[in-house]
Structures are given as structure tokens and as C-alpha cells.
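The values are calculated or read from the model by the stated rules, or taken from the named source; none is laboratory data. All values derive from a computational prediction rather than experimental measurement. Here the Cβ positions follow ideal geometry from the backbone for every residue, glycine too, while neighbour counts run over all protein chains shown. Ligands, DNA and RNA are stripped out before the accessible areas are found, and what is left, the full protein with its side chains, is counted by its heavy atoms. Shrake-Rupley method; radii C 1.70, N 1.55, O 1.52, S 1.80 Å.
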Amino acid sequence: MNNQLIIRIAAALLLGCFSLGAIAQAECSKKVYLTFDTGNMSVAEKVAEILKRQNVKATFFLANEKTFRGDFSLGDSWKAYWQERVKEGHHFGSHTYDHTYFVKDGPKGEVFEKPQFGPKAGMTILYNEAAMCKEIRRVDQRFQELTDHPIQRIWRAPGGKTSPTLIRMGDMCGYQHIGWAPAGFLGDELNSDKHPNDALLNKATRDLKDGDVTMAHLGIWSRKDPWAPAVLEQLIVNLKGRGFCFGLLPKNSPNPAK
């Protein structure tokens, strides 16, 4: 085979790849946003494997949570994991460093919060704006230590529990709060006997709509029958079949996800 013919064949194949890519993009008429909170990290590797195989990107909300290995999700032992996710082009937000739950509004524009981890775990503490900002921003600082890469300026309150005062604190600190859509609650923390994986898969496949943000975890202590990988990959396949692409948060960010 002469060089001229080889060049022509290569050019035709390359043009075909571009054409297929254009067709696939044209068929993508809706967008959903996959997000994962850290949790106990027991399915973290499986989730990463599935996302890579399916060539989709997700947004991870990080807290320094105790993992199934007995270490913590923002510890040095997870450095390589987070570095790989950065290389793959995923996005990252704060889930508060000590997984700090909102309890109620306090006096004078403050809030009562209860850290789940850290030296004040289990205590209900009054946070002013500066203290809450520090709690959100610590994740960003720690992530840069691990990866040399900042998180996006987004955060999610543990359990999704907020108040207008708490949201305003995050805004003043420069971090947009990201919750999830009702259909986006993927149910990985629910009782697996009452909410089996096939029912969760069918519900999410049916109910998710354009623009919805989903929420699951990289591992949950309470669920007997793990949600991932049982549901995640088939859900992605099903949503692709419905014409969905997979976006990155915040929604106005440059988005290479397909």
C-alpha cells in the first residue's frame, strides 16, 4: 500500500470520527449533573472506574470523613485518588471540612452547627460568618495541599440542611450552595430492603429531567446492599439512551462532559 493511499484512508477515518462526534452531540438534547458526597469512600474506586468507562464527568463534594479503611477522606492516604480525579477533569466542591450539620439559626445572624468529625464532633456550636467561611474554605485549602488544584467555588451543606442565613454565609464567603433536585436524590442511603436497587434505578431513570442535579455518596455505612456499582452504570446508560449529557457544576462552568 503506497503512502498516498494510506494518507487518504487516515483522512477518511478521521473525518468519520468527527462526523460521529457531531452526531452524538446533536442527539444530546438534555443535561443532568451527577454529584457525589464523600461518605465512607467504600465504593470510591468503583464509582471512578464507572465514570471513566462511560466517559462522563461528575462533581464531588468533599468533607474529611472517616472511611471504611479507618482513615479520613482528605488524608494523605487518599492523595493519589483525588489527583487522578483532577487529571480526569472532574469538578470538586466543599462539603464542610468536618461534615458540619446545620441545626438551627442563632442570634445576630449566626447559626448553630454540629460537626460530625474533628475535635468538636457531636457538639452543637454557634458559628458566625467568619467561622462558617473557615469551615467551608478548609476543604479548598486541604485539596490544594493534596492536588495543587483548587476546588470550584461551590459547597453543599451536609444532609442538604440549610437556612437563608447559612446560604448567605456561604455566598459572602464566595461559595455558591448546590443542593439537588427531588428526582436527583438517588437513594443510596435508604434501607435496601425497603428500597432495592432495581427500584431506585427505575425511579431515577424515569423521573430525572433536563437540568436536574443528582446526589449519591462514595460509600454509605447504613445500606446493606450497596447502591454502587449496582445502579450507577446502568443509570448512566439509561440516561444516555434518553438523550442526556452529563454536566459539571457550577452550571455556568466550561463543560467538556458528554
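The table below gives the values:
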read-out: Ellipticity estimate at 222 nm from DSSP helix runs (n ≥ 4, -39,500 (n - 2.57)) divided over the chain, nearest 500; value: -12000 deg cm²/dmol
read-out: With all protein chains modelled, accessible area of ASP188 [1.4 Å, Å²]; value: 10
read-out: For segment 74-80, Karplus couplings with θ = phi - 60° (6.51, -1.76, 1.60), whole Hz, Gly/Pro x; value: 10, x, 4, 5, 9, 4, 4
read-out: Ratio Rg/Rh, restricted to the chain and using Cα atoms, in which Rh is the Kirkwood radius; value: 1.04
read-out: Carbon + sulfur, % of accessible area of segment 128-258 - ligands and nucleic acids excluded, 1.4 Å; value: 51
read-out: Cα-based convex hull volume of segment 63-157 per residue, rounded to whole Å³; value: 97
read-out: Paramagnetic label zone (point 7 Å from Cα along Cα-to-C-beta, ASP198; backbone N under 14 Å) in segment 227-243; value: 231
read-out: Alpha carbon centroid spacing (whole Å) that separates segment 28-100 from segment 117-163; value: 16
read-out: Separation of the LYS30 and ALA183 label points, Cα + 7 Å toward Cβ, nm; value: 0.5
read-out: FRET efficiency estimate (nearest 0.05) - Cβ-Cβ, ALA130 to LYS87, R0 30 angstrom; value: 0.30
read-out: Too-long pairs where the Cα-Cα distance tops 26 Å, listed order kept, from LYS57/LYS104; LYS134/LYS224; LYS87/LYS240; value: LYS57/LYS104; LYS134/LYS224
